[in-house]
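First the structure, in the form of structure tokens, and then the observations on it.
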Amino acid sequence: MNKWTDILLWVIVIVSAFVIAKVVSPVLGEVRNKLAAKTKSKLDDYILDALRKKPVMHIFILLALIWVVNDAAANFPEMNSKIILIINNALAIYGIFIGAFIIDGIIMAILKWANEELQHSGQTAVIHEFFPLIRKVMRVIVFSVAAVIVLSHLGVDVSSLIVSMGVAGAALALAVKNTIENAVSGILIMLDRPFRIGDRIKLDTGEVGDIYEIGLRSTKILTFENNLIILPNSKLLDDKIVNLSYPNPIIRVKIEVGVAYGSDIEKVKSVMEKTARENKLVLEDPAPAAYFVNFGESSLDFILLARVEKYKDAWNVENQLREKIYEAFAENNIEIPFPQMDVNMKSMK
């Protein structure tokens with residue numbers, strides 16, 4: 001064959017590879033649909049979706065280019081060997097990054113599947129906060145390994161480069177020690193999940209607020225005054241945190257009140273419990289209960305315990321119960337005493 005015939009053949013091979021890739025992609029789509037009908041898991045569907053698009057086309061084009069280069073080297077021995085070497089290196093780099101893209105696509109498909117599985121199990125906080133980080137880290141690792149393989153293929157001594165990168169990484173880690181500590185703490189919080197976005201917590205300092213955002217470095221807490229408390233994640237792991245809404249959003253409300261000495265104890269308890277039962281936000285089970293708890297200096301001290309379904313209703317319910325108990329005591333002639341002290345004077349003779 002003459003020169004122009006060879007060139008025409010090369011063009012036909014490359015175009016054919018492109019056309020075959022276009023044909024194979026829909027075929028893989030059909031295979032995907034059939035597998036989807038046979039299997040409950042979507043993992044295989046996502047992996048095929050990742051493979052049937054650009055990776056398939058690039059694989060066929062790479063194979064066509066490899067054949068063309070080998071054919072050219074065989075039919076035109078007068079071609080400069082350095083040019084052939086450069087082209088082969090370029091094709092090798094092309095193939096390495098095709099492989100990296102394929103691996104990256106498979107990993108992203110697995111993460112997408114795991115993401116949806118966690119969504120179905122209600123692990124929403126992990127999904128929104130943790131998976132984006134995993135995707136970025138895995139992508140950096142895949143393409144970093146691909147870059148190292150490329151350098152090694154080109155004859156670069158990567159061992160010294162890796163050592164240098166390790167030393168630089170250690171120095172950087174020392175410089176940003178606190179940031180790394182908070183980031184690791186953030187990951188542990190996302191995995192252990194002592195609290196979730198929207199949970200109401202009580203800090204070691206006594207402050208109460210709702211979890212507004214959980215980040216890698218810090219957690220934001222929205223207080224009743226509509227202020228944001230921003231705490232490093234490492235501090236949240238070290239301090240004592242009371243979660244008021246987990247594992248159950250039902251919360252107990254407590255009303256303390258004192259009545260005058262001489263009051264009918266059973267009547268006081270009955271009035272308090274009846275007042276609680278009449279409140280629509282108070283749960284019937286467990287039933288509200290009043291207890292005589294102490295002989296005070298000026299009063300008989302009682303406590304009413306009741307539960308509400310949502311912790312966000314606790315403040316309003318406590319306010320409503322206090323108002324209604326005060327009114328009910330007035331209607332039933334139950335006196336709430338003022339603090340008083342009796343002083344007995346003895347004459348000195």
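Couple of notes before you dig in:
- The chain - charge dipole about Cα centre, Lys and Arg +1 at Cβ, Asp and Glu -1, debye rounded to 20: 1100 debye
- Three-way shape label, the chain, alpha-carbon gyration tensor, a/c 1.5: prolate
- Likely footprinting exposure, F143, F302, fewest C-beta neighbours within 10 Å first: F143, F302
- Taken as entire DSSP H runs, the helices of the chain that both span 30 Å or more between Cα atoms along their own long axis and average 1.0 or more on the Kyte-Doolittle scale are 3-38, 54-75, 81-120, 124-153.
- Residue-wise HN-Hα couplings along the range 228-237, as the Karplus relation 6.51 cos²θ - 1.76 cosθ + 1.60 with θ = phi - 60° gives them from phi, are 9, 9, 10, 10, x, 4, 5, 5, 5, 6 Hz; Gly and Pro carry x.
- Whole-Hz ³J(HN,Hα) from phi, Karplus 6.51 cos²θ - 1.76 cosθ + 1.60, for the range 243-249, glycine and proline x: 8, 7, 10, 10, x, 9, x
- Exposure proxy order (Cβ contacts within 10 Å, fewest to most) of E335, E323, E284: E284, E323, E335
- Counted charge near V308, where neighbours are those whose Cβ lies closer than 11 Å (Asp, Glu -1; Lys, Arg +1): +2
- Placed amide H near V253: partners under 5 Å, 5+ positions off or other chain: A306, R307, V308
- Shape category assigned to the range 251-331 from the gyration tensor of Cα positions, a/c cut at 1.5: prolate
- Per-residue ellipticity at 222 nm computed for the chain from its helices equals -20500 deg cm²/dmol, with DSSP H segments shorter than 4 residues left out and the rest contributing -39,500 (n - 2.57).
- Ascending count of other beta-carbon atoms within 10 Å, so fewest first, for E225, E207: E225, E207
No value in this document is a laboratory result; all are computed from the given coordinates. Here the structure is a predicted model, which is why all the values come from computation and not from measurement. As a convention, Cβ positions derive from the backbone with ideal geometry for all residues, glycine included, and neighbour counts pool all protein chains shown.
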